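**Q** This is the structure, below, for whatever I ask next.
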Amino acid sequence: MPLIQAGDVNIYYEVHGQGKPLVLLMGLGCHSGLWIYQVPVFSQHFQVITMDNRGVGRSDKPAGDYSIEMMADDTANLLKALAIPKAHILGMSMGGAIAQRFALRYPQMVDKLLLACTFSGQTPYGIMMMKLWEDIARGAGMGAVTQLLLLQSFTPRGFLEQPQVVAEIQEIFARHPQPVAAYVSQNHACQKHNTNGELPQIKAPTLGLVGDRDIQTPVASVKFITEKISGAILKVIPRCGHGFMWEAAEQFNEAVLEFLAGEKHALPALGTESLPNG
């Protein structure tokens, strides 16, 4: 399996397909195998690079504090090691936070930026949720965290109508269990992330994507980001939650490919308020 030295850590990565590079960054506690419904589609058009962030999957899990800045640097170091000077960057949730910081630290390396179900800072709602996840991890273990994530990532309708998808995602999670300490380090990095005042500095063409029933990063969270980045587009996908890359994979994939092809068909923001992280 491909491991590469990226700064102070070994990063697990995979490359699929040919064409312009497209980097996929997963969220808190999630390894890169969870792009299962995206890689086969996107790799027909792009050179798709997936990676396990530090602390998860088959990448190193160093002890101590993590930061979103560290993980942005890991991404840049991986691309440099692969001799890729510029790429489209797509991040979901924590991966979207990494993508924001990457675009701010390495603007010359970003072609187009895609920010899915993500956040630019925390509110009391977000902090309480993340502290609860941490308490569950410490007290009940990562298996319980995964169960809760599945429940919070799917809508009740999607959970009931797509049992095969839920089972597949659950099985993929189980392939590479994350140590509690590494999860907590990632969790704390998310709690500290804040780009609210820096978003206008992002100049890359940007698409914000979110499910209209997302309770982890509500529509308002992504709407706030797209309103701060000049020219950014917001696309709201109906009837799905935080895990819409699983629950509504076809719609998610279509929106990504349309944007990367230059289409600009944004769905309405459903009248939500413009507040970071809901």
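The values are calculated or read from the model by the stated rules, or taken from the named source; none is laboratory data. As the structure is a computational prediction, the values presented were derived from the model and not from experiment. Every residue, glycine among them, receives a Cβ derived from its backbone with ideal geometry; neighbour counts consider all protein chains shown. Side chains are part of the model used for accessible areas, which takes the heavy atoms of the whole protein and leaves out ligands, DNA and RNA. Shrake-Rupley method; radii C 1.70, N 1.55, O 1.52, S 1.80 Å.
**Q** Take the range 244-254 and flag every residue that is touching a Gly at 6+ places or on another chain (Cβ under 8 Å), buried (at least 24 other Cβ atoms within 10 Å of the Cβ) and not acidic (Asp, Glu). Before the answer, list the steps.
**A** To start, the set of residues in the range 244-254 that are touching a Gly at 6+ places or on another chain (Cβ under 8 Å) comprises 244, 247-248.
Going one step further and asking which of them are buried (at least 24 other Cβ atoms within 10 Å of the Cβ), we end up with 244, 247.
Within the range 244-254, PHE244 is the sole residue that qualifies.
**Q** Turning to a different aspect of this structure: Only residues in the range 230-259 that are assigned to a loop (DSSP other than H, G, I, E, B) count as the first member; pair them with residues that are among the basic types (Lys, Arg) and open to solvent by 20 Å² or more (accessible area, probe 1.4 Å), Cβ under 6 angstrom, at least 6 apart or cross-chain, and list the lot.
**A** Going by the 6 Å Cβ cut-off, the qualifying pairs are GLY241/ARG213.
**Q** Looking at (1) part of a helix (DSSP H, G or I); (2) open to solvent by less than 70 Å² (accessible area, probe 1.4 Å); (3) farther than 27 Å from LYS235 by Cβ; (4) not basic (Lys, Arg), which is the only condition ILE172 fails?
**A** Only one criterion in (1) part of a helix (DSSP H, G or I); (2) open to solvent by less than 70 Å² (accessible area, probe 1.4 Å); (3) farther than 27 Å from LYS235 by Cβ; (4) not basic (Lys, Arg) is unmet by ILE172, namely (3).
**Q** As an exercise: evaluate PRO40 against (1) closer than 25 Å to GLY243 by Cβ; (2) in a helix (DSSP H, G or I); (3) open to solvent by less than 20 Å² (accessible area, probe 1.4 Å) and give the number of the one condition it does not meet.
**A** Tallying (1) closer than 25 Å to GLY243 by Cβ; (2) in a helix (DSSP H, G or I); (3) open to solvent by less than 20 Å² (accessible area, probe 1.4 Å), PRO40 fails exactly one: (3).
**Q** As an exercise: evaluate VAL48 against (1) in contact with a His (Cβ under 8 Å, 6 or more places away or on another chain); (2) closer than 18 Å to GLY19 by Cα; (3) not in a strand (DSSP E or B) and give the number of the one condition it does not meet.
**A** (3)
**Q** Turning to a different aspect of this structure: So which residues in the range 11-26 are assigned to a strand (DSSP E or B) and either open to solvent by 50 Å² or more (accessible area, probe 1.4 Å) or touching a residue at least 60 places away in the same chain (Cβ under 8 Å) (or both), if there are any at all? Explain how you work it out, then say what you get.
**A** Narrowing the range 11-26 to residues assigned to a strand (DSSP E or B): 11-16, 21-25.
Result: ILE11, TYR13, GLU14, VAL15, HIS16, PRO21, LEU22, VAL23, LEU24, LEU25.
**Q** Here is a follow-up. Of the numbered conditions (1) over 25 Å from PRO200 (Cβ atoms); (2) in contact with a Gly (Cβ under 7 Å, 6 or more places away or on another chain), PRO62 fails exactly one; give the number of that condition.
**A** Tallying (1) over 25 Å from PRO200 (Cβ atoms); (2) in contact with a Gly (Cβ under 7 Å, 6 or more places away or on another chain), PRO62 fails exactly one: (2).
**Q** Going through GLY139, GLY95, GLY158 one at a time, which residue ends up being touching a residue at least 12 places away in the same chain (Cβ under 8 Å) and either in contact with a Phe, Trp or Tyr (Cβ under 9 Å, 6 or more places away or on another chain) or farther than 24 Å from ASP74 by Cα (or both)? Walk me through how you get there before you give the answer.
**A** Details: GLY139 fails: touching a residue at least 12 places away in the same chain (Cβ under 8 Å); GLY95 fails: either in contact with a Phe, Trp or Tyr (Cβ under 9 Å, 6 or more places away or on another chain) or farther than 24 Å from ASP74 by Cα (or both).
Matching residue, one of GLY139, GLY95, GLY158: GLY158.
**Q** Here's a follow-up. Consider the range 175-196. How many of its residues are open to solvent by 70 Å² or more (accessible area, probe 1.4 Å) and either in contact (Cβ under 8 Å) with a residue 60 or more places away in the chain or charged (D, E, K, R) (or both)? Working first, answer last.
**A** From the range 175-196, those open to solvent by 70 Å² or more (accessible area, probe 1.4 Å) are 175, 177, 181, 192, 194; that's our starting set.
Now drop any that are not either in contact (Cβ under 8 Å) with a residue 60 or more places away in the chain or charged (D, E, K, R) (or both), which leaves 175, 181, 192, 194.
The total comes to 4.
**Q** Have a look at ILE4, ILE49 and point out the one that is within 18 Å of GLY95 (Cβ to Cβ) and either surrounded by fewer than 23 Cβ atoms within 10 Å (Cβ to Cβ) or out of contact with any Lys or Arg (no Cβ under 6 Å at 6 or more places or on another chain) (or both). Explain how you work it out, then say what you get.
**A** Numbers: ILE4 fails: within 18 Å of GLY95 (Cβ to Cβ).
Answer to the selection: ILE49.
**Q** Would you be able to say whether some residue in the range 29-43 is more than 24 Å from LEU150 (Cβ to Cβ) and at pLDDT 95 or above? Explain how you work it out, then say what you get.
**A** Of the residues in the range 29-43, the ones more than 24 Å from LEU150 (Cβ to Cβ) are 43.
Filter again for at pLDDT 95 or above, leaving 43.
Checked against the condition, which is being more than 24 Å from LEU150 (Cβ to Cβ) and at pLDDT 95 or above, the range 29-43 yields at least one hit.
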